[in-house]
Ligand code: SF4
Ligand code: SF4
């Protein structure tokens with residue numbers, strides 16, 4: 001198409017106006033981010049960060065993850081968006097009297113255009129599908145209706161329509177069609193800046209800068225802070241001014257999809273904790289609040305904060321890499337360390353302080369347990385396993401059958417193993433409730449004991465201890481790095497090595513298996529417990545929330561020792577799901593989950609119990625076969 005000089009001039013001015021205004025407004029947003037303090041190095045392992053971002057952005061893995069159909073439609077629009085970047089440049093160059101694609105592609109241009117016509121059709125269908133879901137299927141759509149979203153959808157649809165019209169042999173009103181296409185593109189960036197569609201620009205950046213692993217909390221050097229000028233000390237997220245730049249970026253990038261809220265057990269239990277709401281409140285606080293506003297007043301209310309079990313479901317499913325956990329634990333630190341208003345866990349902290357365990361029980365209880373069960377003491381010999389029991393196995397008498405079962409499993413495998421006379425609390429829940437000082441004391445005490453005893457390989461039934469010993473204690477002492485495994489991993493290994501013989505003749509039972517958050521979501525251990533269950537003669541009836549998408553039992557962040565009103569209890573949501581599954585047997589692989597879900601169905605067993613039963617059944621079967629084999633001369 002030929003353009004007059006006046007048209008070219010008008011187009012050039014419009015491009016300059018649009019780009020200039022976009023950069024000016026973008027500068028304002030970036031300034032909001034820039035005002036936030038730094039929290040940690042976020043540019044280490046650049047190659048790894050780039051590879052992760054490339055995978056998550058280009059293949060839209062986080063978008064598709066929890067909502068496959070909607071995610072796939074979004075992926076079509078996004079990939080179309082990328083491909084159309086070439087045609088957009090070509091469109092404006094054409095208006096200025098230049099062509100790029102013709103000299104570049106030559107005879108391949110018709111083929112390229114035919115391909116782009118297919119892409120445009122797919123994008124148009126996908127955007128109609130997304131709009132239909134949002135504006136018609138409002139009952140099933142978790143997204144709120146928004147005028148901007150409607151305009152963006154209309155613009156994308158019109159862009160595809162005008163593109164296809166421009167390609168046709170006899171386009172309708174070709175010049176008007178061309179200008180409409182150009183004007184939509186020129187206005188589009190401003191809609192992006194003023195709406196949740198800002199994520200188009202920011203999502204790759206937030207994904208690049210996010211922490212390497214879930215729940216990698218900011219280390220606090222408390223000794224250095226104690227020596228610093230009191231005025232300069234920041235122990236947590238007290239004021240809006242203390243929100244770091246990445247958190248601010250997260251707030252501005254949130255796409256409002258509500259995946260976080262939908263997967264939050266506290267939100268499902270109706271406690272008032274709503275991850276999307278606090279992210280959006282954070283955005284509002286940045287835009288209109290004062291830097292001196294308190295985070296627990298303007299961003300996330302004190303009471304709601306207390307219901308967070310740090311299960312990580314919100315952050316794990318966020319398509320744009322928002323780090324909810326940093327905000328949650330940062331605000332809890334401010335509560336617990338700076339203002340002394342630890343809302344939910346003060347009793348927990350006191351119990352740990354006075355008794356060294358969250359139940360507030362005398363240390364003699366644990367000593368009695370290990371002596372009653374005749375558990376060997378750890379000596380630190382070569383090849384010896386240390387069984388790190390964790391507080392729940394150590395102090396809750398209801399879980400004694402599980403402890404005994406695992407003792408029997410270890411003995412049946414012929415392992416050299418032992419327990420500590422005095423096992424400190426690892427500090428997991430103290431850290432998650434913001435009591436960083438208590439966590440660091442407990443972590444140091446644990447490290448001292450482990451080093452003194454010479455523990456080189458540790459097995460624990462508790463995913464919370466596993467995560468804390470493996471990820472957080474090791475970060476405090478780089479010189480001491482013992483091997484730490486979950487008991488499901490150890491048992492699977494023993495089965496593979498043939499050291500454990502189970503009864504394979506037993507009739508298979510069906511059982512629901514509950515994935516613990518800190519095992520499946522934080523540590524990625526999903527297959528080992530299932531392999532063990534299968535070997536022990538049961539078939540797993542999978543629950544709707546499973547693997548990394550599991551639903552918390554409510555025990556996290558000291559929930560297993562808190563007294564709550566029944567309507568506030570998070571475990572009732574998971575229990576209801578287990579009951580709906582119709583399973584008669586529930587298998588758990590975490591002492592806290594076992595406590596929280598014990599009464600969900602008729603029968604609940606610890607993983608160690610079903611293995612011990614199968615070992616015993618196997619031994620009995622072999623014993624009953626012995627006379628026959630002897631008679632047969634074998
Ligand atoms: S960590 Fe779990 S409980 Fe806390 S806000 Fe996120 S999803 Fe909800
Ligand atoms: S924080 Fe993430 S998951 Fe939650 S609404 Fe925003 S974009 Fe969606």
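The values are calculated or read from the model by the stated rules, or taken from the named source; none is laboratory data. Note that the structure is predicted; figures quoted are calculated from it, not measured. Glycine also receives a Cβ, built like all others from the backbone with ideal geometry; neighbour counts cover every protein chain displayed.
Among the numbered conditions (1) surrounded by 24 or more Cβ atoms within 10 Å (Cβ to Cβ); (2) within 16 Å of ligand 1 (Cβ to nearest atom); (3) at pLDDT below 90, the only one that residue 348 does not meet is (2). Taking the criterion of being touching a strand residue (DSSP E or B) at 6+ places or on another chain (Cβ under 9 Å) and either within 19 Å of residue 547 (Cβ to Cβ) or part of a helix (DSSP H, G or I) (or both), the residues of segment 578-594 that qualify are 578, 581, 583, 586, 587, 588, 589, 590, 591, 593, 594. Taken over segment 596-608, residues that are part of a helix (DSSP H, G or I) and surrounded by 23 or more Cβ atoms within 10 Å (Cβ to Cβ) amount to 3. Listed by first and then second residue, the pairs linking a residue in segment 305-324 that is closer than 14 Å to residue 56 by Cα to a residue that is more than 9 Å from ligand 1 (Cβ to nearest atom) and assigned to a loop (DSSP other than H, G, I, E, B), with Cβ atoms under 7 Å apart and 6 or more places separating them unless they lie on different chains, are 316/214; 319/255; 319/257; 320/254; 320/255; 321/210; 322/254. For segment 525-570, a tally of residues being touching a residue at least 24 places away in the same chain (Cβ under 8 Å) and under 30 Å from residue 351 (Cα atoms) returns 17.
When 238, 223 are screened for being more than 16 Å from ligand 1 (Cβ to nearest atom), more than 22 Å from residue 74 (Cα to Cα), modelled with pLDDT under 95 and buried (at least 20 other Cβ atoms within 10 Å of the Cβ), only 238 passes. Contact annotation: residue pairs with Cβ atoms under 8 Å, 6 or more positions apart or on different chains, pairing a residue in segment 247-272 that is free of Cβ contacts under 8 Å to residues at least 12 places away in the same chain with a partner that is within 9 Å of ligand 1 (Cβ to nearest atom) and assigned to a loop (DSSP other than H, G, I, E, B), are 267/273; 267/274. A single member of 434, 493, 418 is surrounded by fewer than 24 Cβ atoms within 10 Å (Cβ to Cβ) and either at pLDDT below 95 or over 30 Å from the mean Cα position of the chain (by Cα) (or both), and it is 418. Within segment 261-275, if we keep just the residues that are part of a loop (DSSP other than H, G, I, E, B) and away from ligand 2 (no atom under 14 Å from the Cβ), the residue that is surrounded by the fewest Cβ atoms within 10 Å (Cβ to Cβ) turns out to be 270. Can you tell me which residue in segment 249-260 is nearest to ligand 2 (Cβ to nearest atom), limited to those that are at pLDDT 95 or above and assigned to a helix (DSSP H, G or I)? My answer is 260.
Evaluated against (1) surrounded by fewer than 22 Cβ atoms within 10 Å (Cβ to Cβ); (2) within 13 Å of ligand 1 (Cβ to nearest atom), residue 193 falls short on exactly one condition, (2). For segment 237-248, the set of residues classified as away from ligand 2 (no atom under 16 Å from the Cβ) and in contact with a helix residue (DSSP H, G or I) (Cβ under 6 Å, 6 or more places away or on another chain) consists of 237, 238, 240, 245, listed by residue number.
Where helices (runs of 4 or more DSSP H) sit wholly within segment 1-72, those with at least 3 residues that are touching a residue at least 40 places away in the same chain (Cβ under 8 Å) and under 22 Å from the mean Cα position of the chain (by Cα) occupy 46-58, 61-66. So which pairs qualify, if the first residue must be in segment 152-176 and part of a loop (DSSP other than H, G, I, E, B), the second must be modelled with pLDDT of 95 or more, the Cβ gap must be under 7 Å, and the two must be at least 6 apart or on different chains? Here the result reads 171/165; 171/177; 172/165, each pair linking segment 152-176 to a residue that is modelled with pLDDT of 95 or more. Right, residue 278: near ligand 1 (Cβ under 9 Å from one of its atoms), buried (at least 22 other Cβ atoms within 10 Å of the Cβ), at negative phi and part of a helix (DSSP H, G or I) or not? Yes; evaluated as a whole, the condition is true for this residue.
Go through (1) in contact (Cβ under 8 Å) with a residue 12 or more places away in the chain; (2) under 30 Å from residue 171 (Cβ atoms); (3) surrounded by fewer than 17 Cβ atoms within 10 Å (Cβ to Cβ) one by one and return the number of the condition residue 93 breaks. Residue 93 satisfies all of (1) in contact (Cβ under 8 Å) with a residue 12 or more places away in the chain; (2) under 30 Å from residue 171 (Cβ atoms); (3) surrounded by fewer than 17 Cβ atoms within 10 Å (Cβ to Cβ) except (1). Only one of the numbered conditions (1) in a helix (DSSP H, G or I); (2) more than 24 Å from the chain's Cα centre (by Cα) is violated by residue 458, and that is (1). Scanning segment 363-379 for residues being surrounded by 13 or more Cβ atoms within 10 Å (Cβ to Cβ) and either under 36 Å from the mean Cα position of the chain (by Cα) or part of a helix (DSSP H, G or I) (or both) gives a total of 7. With the condition kept exactly as written, say whether any residue in segment 169-178 is crowded, with 17+ Cβ neighbours inside 10 Å and over 30 Å from residue 325 (Cα atoms). Yes: one or more hits.
Whether a residue is modelled with pLDDT under 95, under 31 Å from the mean Cα position of the chain (by Cα) and within 14 Å of residue 197 (Cβ to Cβ) was assessed, and residue 146 passes this test.
All of 434, 414, 493 fail the test of being under 23 Å from residue 518 (Cα atoms) and assigned to a loop (DSSP other than H, G, I, E, B), apart from 434.
Every residue, every condition in (1) within 13 Å of ligand 1 (Cβ to nearest atom); (2) part of a helix (DSSP H, G or I); (3) more than 30 Å from residue 53 (Cα to Cα), yes or no:
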{"residue": "292", "(1), (2), (3)": "no, no, yes"}
{"residue": "307", "(1), (2), (3)": "yes, no, yes"}
{"residue": "310", "(1), (2), (3)": "yes, no, no"}
{"residue": "316", "(1), (2), (3)": "yes, yes, no"}
{"residue": "326", "(1), (2), (3)": "yes, yes, no"}
{"residue": "334", "(1), (2), (3)": "no, yes, yes"}
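State whether the residues of segment 547-562 include one that is over 26 Å from residue 358 (Cβ atoms), modelled with pLDDT under 95 and surrounded by 20 or more Cβ atoms within 10 Å (Cβ to Cβ). The answer is no; no qualifying residue exists. Say whether the condition of being within 12 Å of ligand 2 (Cβ to nearest atom), modelled with pLDDT of 95 or more and closer than 24 Å to residue 571 by Cβ is met by at least one residue in segment 301-314. The answer is yes; a qualifying residue exists.
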